[in-house]
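Below: the structure, in structure tokens.
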């Protein structure tokens, strides 16, 4: 199935850095993550990346080989917390009211991307509700 790509407008305002989720931001060191979230429930490695899963909280952290800080943060449950006031389970209309217009809309509105200077916040929406929030770094350290 082909993806639909619609460029809307970049809404990053005066953001000084990437948003946080559960007290963790992109670039946080393993020690910093452990001080905030504790040890992960599960660690996995694949294709030069390491994944730390906090299953009860619905958080996955992504680390790239050779980088000392978090490269990506994925929230799959409301318990993960919010990013800029948006959490899993929120209605899509509420999310748009808090984040504004996305910079990019993919797959017919299923994925909404908000772009910062060195990060992308991707919100997955199904049946009018936020089902997953992914924050990824776009530039190396």
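Observations on the model:
- Scan of region 110-141 for residues that are without any contact (Cβ under 8 Å) to a residue 24 or more places away in the chain and either buried (at least 20 other Cβ atoms within 10 Å of the Cβ) or not in a strand (DSSP E or B) (or both), ordered by number: 110, 112, 127, 138, 139
- Given (1) crowded, with 20+ Cβ neighbours inside 10 Å; (2) in contact (Cβ under 8 Å) with a residue 40 or more places away in the chain, number of the condition residue 29 does not satisfy: (1)
- Residues of region 38-61 that are outside any strand (DSSP E or B) and either buried (at least 18 other Cβ atoms within 10 Å of the Cβ) or touching a helix residue (DSSP H, G or I) at 6+ places or on another chain (Cβ under 8 Å) (or both): 40, 56, 57, 58.
- Neighbours by Cβ (under 6 Å, 6+ apart or cross-chain): first from region 39-61, at positive phi and modelled with pLDDT of 95 or more; second outside any strand (DSSP E or B) and surrounded by 12 or more Cβ atoms within 10 Å (Cβ to Cβ): 58/76; 58/77; 58/79; 58/80
- For residue 89, the conditions (1) closer than 27 Å to residue 34 by Cα; (2) without any contact (Cβ under 8 Å) to a residue 24 or more places away in the chain; (3) loosely packed, with under 14 Cβ neighbours inside 10 Å are fulfilled apart from (2).
- Reported count of residues in region 62-76, each being without any contact (Cβ under 8 Å) to a residue 60 or more places away in the chain, within 12 Å of the chain's Cα centre (by Cα) and surrounded by fewer than 20 Cβ atoms within 10 Å (Cβ to Cβ), is 1.
- Flag if residue 23 is within 14 Å of the chain's Cα centre (by Cα) and modelled with pLDDT under 95: yes
- Restricting attention to region 92-104 and to residues that are crowded, with 18+ Cβ neighbours inside 10 Å and in contact (Cβ under 8 Å) with a residue 40 or more places away in the chain, the residue that is farthest from residue 22 (Cα to Cα) turns out to be 103.
The values are calculated or read from the model by the stated rules, or taken from the named source; none is laboratory data. The shown structure was predicted, so the numbers you read here are calculated from the model rather than taken from an experiment. Note that each Cβ is placed from the backbone with ideal geometry, even for glycine, and that neighbours are counted across all protein chains shown.
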